[in-house]
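Read the structure below first, then the notes.
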Amino acid sequence: MTIKTTSVEKKTKGFSDVIDITNDVEAFIKKCDVMNGIATVFIPGSTGAVTTVEYEPGLKKDIPEFVEKILPRDAYYHHNETWNDGNGFSHMRSALFGPSLTVPFENGKLTLGTWQQIALLDFDARGRNRKVIIQVMGE
Ligand code: ZN
């Protein structure tokens, strides 16, 4: 059994930016020299999230529009009174999607569907340099 961890840096624009990180995860599995197991992707930050989407231009607009409907940027959030950082909407959106994802891999390949990619979502109110943790457990 092998357990290996790495991190990758991603430049984001914030405001529900959707970034395909599938290749980073696949590349790290190859590096780990394991055939079967699971890859966990985790974002250490409470205004980001990790999920799967079909990474295409329509959904890159649908996700920001969806979160704006259910958690509008200009709604009232108690968090904004705590720090005055004005990104209560970012934290709520992040909590909704969640910070991590686990994907099984078989024969060195992720078991994702054909139209399914691993996506980093950045909900912060500014662009960021995001660190994403990838951990592979397998043999
Ligand atoms: Zn905040």
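The values are calculated or read from the model by the stated rules, or taken from the named source; none is laboratory data. Just so it is clear, the model here is predicted, and its values are computed rather than measured. Ideal geometry is used to build each Cβ from the backbone, glycine not excepted, and the neighbour counts take in all protein chains shown.
Scanning segment 34-46 for residues that are farther than 20 Å from Trp115 by Cβ and either modelled with pLDDT under 95 or outside any loop (DSSP other than H, G, I, E, B) (or both) yields Gly37, Ile38, Thr40, Phe42. Condition check for Val67 on (1) crowded, with 16+ Cβ neighbours inside 10 Å; (2) among the β-branched types (Val, Ile, Thr); (3) over 13 Å from the mean Cα position of the chain (by Cα); (4) within 15 Å of the ligand (Cβ to nearest atom): one failure, at (4). Restricting attention to segment 82-101, the residues being of a type in the set (Phe, Trp, Tyr), within 8 Å of the ligand (Cβ to nearest atom) and surrounded by 17 or more Cβ atoms within 10 Å (Cβ to Cβ) number 0. Being within 15 Å of the ligand (Cβ to nearest atom) and part of a strand (DSSP E or B) narrows it down to one of Ala49, Ala125, so name that one. Residue meeting the stated conditions: Ala49.
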